[in-house]
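Below: the structure, in C-alpha cells.
FYI, it's all coordinate maths here, none of it is from the lab. The model shown is predicted, which means the values in this text are computed figures rather than measured ones. Cβ coordinates were reconstructed from backbone atoms using ideal geometry, including for glycine residues, and neighbour counts include every protein chain displayed.
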Amino acid sequence: MKKPELQKGLIEASIPDVSFDRSAKKIVMVAPRAIALETQIRKTIPPFGLLTVGATIEERGYDLLCIDSVLEGFEHVVPDSHPGFIKYGLDEHDVAKRIQEYGADFVGISVLFSGMAECGYDIAKAIKKIMPDIPVCIGGIHTTAVGKQELFAEQPDLDFVISGEGDITFPDLLDEYFGEKNLENVKGLTWRNDNGDAIENPRQRLIEQLDVLPFPCWHKFDMEKYYDINIPFSPFVSSPRVGTIITSRGCPANCNFCFISWTAAKDRGDNKPYRTNSADYIVKMIEYMVDAYGIKELQILDDSFTVDYHRVTEIFERIKPLGLRIEFPNGIRADLPRKVDRRRKLFNLMREAGVWQVCFSPEHGNQDYLRDYIDKGMDLEQVKISCDIAHEMGFLVHANFIMGFPGETKELRKDTEDFARSLDADSFSFSFATPFPGTALYDEVKQKNLFTKDYNKNRVLFDKVNIIPHDISIPDLYKHVEFLNRDLNEKAQGKRPELTAKKYALIDARENKIDTNDRKYHHTNGEVLPTTANYFKDGSTLHSRPKSKEEAVEEQFNRVYKSDD
Ligand code: B12
Ligand code: SF4
C-alpha cells in the first residue's frame, strides 16, 4: 500500500523560534481507560483529541508518543468501585510505567467524557508516585467544563489544565515550559504559581480556519489493532477497515443538555462555536486514509455534518469513486437542508456515495417542549419527511430520544412515546436526560437540587438516571425506558426485514466481541420477530436475553440502581 505524505498544517510557517532543541524533548499524550456500564459496548477508535493535538506537537518538532489506554488494554476489563460499572483499558500503573520507560519529559492527558476523568487523575497520581518531577497537563471536554480552582484543589497531582482547544495551546505551553517559562503568556492555561495558587489565564480563541491544522497523527497509533478489534462508533460494520473522521467542530444548535451547543460555547466565551474544514481538505484526508490504511468504510462523527449544503455535496461528489460504505452514527439533523427538494438531492447523492443508514435525533415528541425547553429548534414534521426520503433512498433510519428531563410529566413522556411510535424508523434508542457539566441542563439540575443520591460527576452516562424524575419513581423510569427500547426495536425490525436482518447479522457475526445488551442493539438474532403480545408472554426470543422481560429489566435495574434505594 502506498504511504502518501501527511498534509502539513498552514501554521507550520509561523512556528516560533525557541532556544532549545524541541526534538530532544519527549512528550507523551495519553487517553485514559474509560468507566462504563457493564452493558455498554466497548467501542474503540483513534481518539481525535490525541490525533489533533499530537499532530501539532509533532509539527512543532517535539518527540511524541501517544498511548490510547482503551486500545492497548482493550481486553483488560475490571469491575469499578460503583455497582454496575466497569473500567476497561490499561490501568494507571501500566501507563505510568510506559511513560517512565519512554523517558518522558512532559505528559498530556486527554479527558474526553466525564467517565474518563477519574481514570485521568489516577494516571497523574501514578506518574507523580514514580516520577515526581515530570509535569502533567490535562485537557479535554470534561476538564474544560469543570471549575479549575476546585479541580486543582481536588487533584494536587495536576500541574496544568488547558481549557478548550489544545492544538495550539499545548505546543505553546511546551515552548514556554522548556523555554522562557512565561506561563502567563499561554492562553487557556490554568497553572500553579510559587504559592501553589491556581492561576487562570485568559481563554484561547477557537481556531477559526480548521484547515490550518495538519492531518491527524494516525501513524502514532497501532492502527492495525483498531482494525483488529473493529468496534468503532457504530459497530455495524461489514469490513475490518473502518475509518473515522470529524470534519467540523461545534454545532449551531442549542440543545440544553449538550456541552457542544452554540449557547454553551457562547456562555463559555468562545468566539466561533461552529467551524468546518473545507471540502477539499476533507476529501484529501479521506483519500489519504484509503491510500495509507486501505479503509473500506467511513464513519463521519460530526455533531452536525450537513449544515453547509455546498460543502457536503462537494465531499460526496468527490468521494463517490472511492466506493466506501458510509454512515453518520452520531446523527445528522433531520431538518437539513431546509428545502425538501435539496434534501432529496443530497440524500440521493449520499446514496450514490455509499451511505447505508442515517441516524436522526428528534429527542422529544412534544414540539413545544422541544422548541421552548430543550431548545433544539427542530420541526418534528421534518423528521418524518426525512425518514421517508431516507427510505426512498434505501437507507435504514435510526432515531434517538431522551426521557427524564427535570419536571417532565407523564403526558410529555407519552408524547415522546407516541411520536416515536408514529415515526417509521428502523431502530430506536431511548436514553436518559443527563446533566453533563458545562450545560444548561446541569445548571438547572443543580439549582433545583435534583441530582439523584448516587449521582457521581465522573460516572454520568446517557444510560443512567442522574436526575430525580418528576412524577415517576426512578425504578419505574428505568423500566419504562428499557421497555420502550425493546418494544420499539422489536416492532421496527419487522418493517424492512431484509435490510434489518442484514444489519443485525453484522453484529451477530461478531458476538464474541460485542455485548448486545447495550440499549442500542436490542435485536432478535434472526429469530421470528416477536410481536409485543408474544414478547410479553415469552421474552426468551431476545438475543442475549434468555430471561423473561421482567427478570431482565429487574436485573439491569438492580445492577445500576441498587446503591441508591
Ligand atoms: C467520538 C466520540 C465518542 C467516542 C470516543 C472514542 C475515542 N476514542 O475518542 C465514543 C463512541 C467511544 C464515545 C462514547 C461516549 N461518549 Co462521546 N463523543 C464523541 C464526540 C462525537 C467526538 C469527540 C471528539 O473526538 N471530538 C474531536 C476532538 C478533536 O475534540 P476533543 O476531544 O474535545 O479535543 C480537543 C480539546 O478538548 C482539547 N484536548 C483534548 N485532549 C486534550 C489533552 C491535552 C493534554 C490538552 C492540552 C488538550 C486536549 O484539544 C482538542 C483539540 O482542540 C463527542 C462530541 C464532540 N463534538 O466532542 C462526544 C462526547 C464527547 N461524548 C459524550 C458522551 C456523553 C459519551 C458517552 C458517555 C455516552 C454514553 N453512552 O453515555 C460515551 C462513553 C461511553 C463509555 N464510558 O465508554 C459527551 C461528553 C459529555 C461529558 N462531559 O461527558 C460528548 C461531548 C457528546 C455530547 N454532545 O454530549 N464518544
Ligand atoms: S444537535 Fe447534537 S451536538 Fe448540536 S447542540 Fe444538539 S445535541 Fe449538541
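How big is the dipole moment of region 22-114 about its Cα centre under a simple scheme where the beta carbon of each Lys and Arg is +1, that of each Asp and Glu is -1, and everything else is neutral? Debye, nearest 20, please. Present the calculation step by step, with values, prior to reporting the outcome.
Details: 10 positive and 13 negative charges, 41 e Å.
Dipole about the Cα centre, nearest 20: 200 debye.
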With no solvent and one point per C-alpha, what does the Debye sum give as log10 I(q)/I(0) for the chain at q = 0.06, 0.09, 0.11, 0.12 Å⁻¹? -0.29, -0.69, -1.06, -1.28
If unit charges are put on Cβ atoms (+1 for Lys and Arg, -1 for Asp and Glu) and the dipole of the chain is taken about its Cα centre, the option from 506, 474, 217 lying farthest towards the positive end turns out to be 506
Roughly what would the spin-label model give for residue 15 and residue 446, points 7 Å off Cα along C-beta, in nm? 4.0 nm
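With charges set only on the Cβ (+1 for Lys and Arg, -1 for Asp and Glu), what does the dipole of region 236-560 come to about its Cα centre, in debye to the nearest 20? Provide the component values of the computation, followed by the final result.
Working: 49 positive and 50 negative charges, 138 e Å.
I would put it at about 660 debye.
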Along the positive direction of the dipole of region 10-200 (beta-carbon charges: Lys, Arg +1; Asp, Glu -1; about the Cα centre), which of 18, 121, 151 reaches farthest? 121
From a point 7 Å beyond the Cα of residue 338 in the direction of its Cβ, which residues of region 253-293 have a backbone N at a distance under 17 Å? 253-254
Cα centroid separation - region 373-417 against region 433-477, whole Å: 21 Å
What does the net charge come to around residue 274 if you take all other residues with beta carbon closer than 13 Å to its beta carbon, with K and R at +1 and D and E at -1? +1
By how many degrees, 0 to 90 and rounded to 10, does the Cα axis of helix 497-508 deviate from the longest principal axis of the chain? 40 degrees
How far apart, in nm, are two points set 7 Å out from the Cα along the Cα-to-Cβ line at residue 154 and at residue 476? 3.3 nm
Proximal charge balance of residue 52 [Cβ under 9 Å; K/R count +1, D/E count -1]: -2
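How big is region 85-130 by the Kirkwood estimate over distinct Cα pairs, in Å? Show your work: numbers first, answer last.
Working: mean 1/r = 0.0900 Å⁻¹.
Result for region 85-130 stands at 11.1 Å.
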So which cysteines of the chain have no other cysteine's Cβ under 4.7 Å from theirs? 66, 119, 137, 217, 251, 359, 387
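Relative to the Cα centre, what is the charge dipole magnitude of the chain, using +1 at the beta carbon of each Lys and Arg, -1 at the beta carbon of each Asp and Glu, and rounding to the nearest 20 debye? Kindly include the intermediate steps, with their values, before the conclusion.
Working: 74 positive and 91 negative charges, 234 e Å.
Result for the chain is approximately 1120 debye, rounded to the nearest 20.
Divide by every residue of the chain the summed helix terms, -39500 (n - 2.57) for each DSSP H run of at least 4, and state the resulting mean residue ellipticity at 222 nm, rounded to the nearest 500 deg cm²/dmol.
Numbers: 19 runs with 203 residues, N = 565.
Value at 222 nm, helices only: -11000 deg cm²/dmol.
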Binning every alpha carbon pair distance of region 10-200 at 5 Å from zero, what are the percents per bin? 1, 8, 17, 21, 21, 16, 9, 4, 2, 1, 0
For residue 77, what is the net charge nearby, where nearby means another residue's Cβ is under 9 Å from its Cβ and Lys, Arg count +1, Asp, Glu -1? 0
